[in-house]
Amino acid sequence: RYTAPELCPELGRIMAESFRSAFSDFISQETLDRCAVAENCAGLLMSLLKAGEMTVLVGYVNHEPMGLLVYSEGEDGNMEIEAIHSLPESWGTGLGAAMLEFALAATNTRKGAGLWAFEKNARARRFYEKHGFSFTGETRVSEFDGAIEVRYERNLVWKTECRNLRFHLQQLSLQHRL
């Protein structure tokens, strides 16, 4: 589901817990203490929602929010996945995959999707590769302790092709009935 502002405090908690659990092996404790604070994360999400430039999806398990995915759609026709966070107890359950596939299907993007992942976050990198993203070879230095980030992209041309195929099949079906 898409989020509402009143969920931001809960989503901030999820984001902070996910950040601490996923990044503690390569981000310093000092940086985690400064950045992985539920109130700060909630404020960031609230400002993103107010600006209207990004979409925040919420993943639920048993009617409880357990994860979030933040994305934007660029004027260049590409989707940028800004963040995927979920509580550690939901890792490996399919929640992240469901949020990702929902976002990819729901977007108006016609070209592709991209994201940045921490080079040392092997779990996330395996997840993206499993879901059709490829490492482009591009890297950059993160604001978080200078950790290296790597670029992943996925072509979404199949989405447009599937829509076109569905339209043609519907047309053939209508012609056959006549």
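Any idea how many residues of the range 144-154 are open to solvent by 70 Å² or more (accessible area, probe 1.4 Å) and farther than 15 Å from ALA83 by Cα?
Qualifying residue count for the region: 1.
For the range 2-49, a tally of residues being open to solvent by 70 Å² or more (accessible area, probe 1.4 Å) and within 14 Å of VAL70 (Cβ to Cβ) returns 2. When the criteria are applied in full, MET54 fails the requirement of being out of contact with any Gly (no Cβ under 8 Å at 6 or more places or on another chain), open to solvent by less than 40 Å² (accessible area, probe 1.4 Å) and within 25 Å of TYR152 (Cβ to Cβ).
Show me the helices (runs of 4 or more DSSP H) found entirely inside the range 14-115 where at least 3 residues are under 23 Å from PHE135 (Cα atoms).
Working: elements: 29-35, 38-51, 95-106.
So the answer is 95-106.
Cβ-Cβ contacts under 9 Å between residues 6 or more apart (or on different chains), taken from a first residue in the range 132-148 that is under 24 Å from GLN29 (Cα atoms) to a second residue that is open to solvent by 70 Å² or more (accessible area, probe 1.4 Å) and part of a loop (DSSP other than H, G, I, E, B), are listed as THR139/GLU119; ALA147/GLU119; ALA147/LYS120; ILE148/GLU119; ILE148/LYS120.
Residues that are part of a strand (DSSP E or B), open to solvent by 40 Å² or more (accessible area, probe 1.4 Å) and under 27 Å from SER90 (Cα atoms) within the range 116-143 comprise TRP116, SER134, PHE135, listed in sequence order. Could you say whether any residue in the range 85-93 is of a type in the set (S, T, N, Q) and either surrounded by fewer than 16 Cβ atoms within 10 Å (Cβ to Cβ) or touching a residue at least 40 places away in the same chain (Cβ under 8 Å) (or both)? Yes: the range 85-93 contains one or more residues that are of a type in the set (S, T, N, Q) and either surrounded by fewer than 16 Cβ atoms within 10 Å (Cβ to Cβ) or touching a residue at least 40 places away in the same chain (Cβ under 8 Å) (or both).
The values are calculated or read from the model by the stated rules, or taken from the named source; none is laboratory data. Owing to the predicted nature of the structure, the values given are computational and were not obtained by experimental measurement. Virtual Cβ from ideal backbone geometry, glycine too; neighbours counted across all protein chains shown. Areas reflect the complete protein model, heavy atoms only, side chains present, ligands, DNA and RNA absent. Shrake-Rupley method; radii C 1.70, N 1.55, O 1.52, S 1.80 Å.
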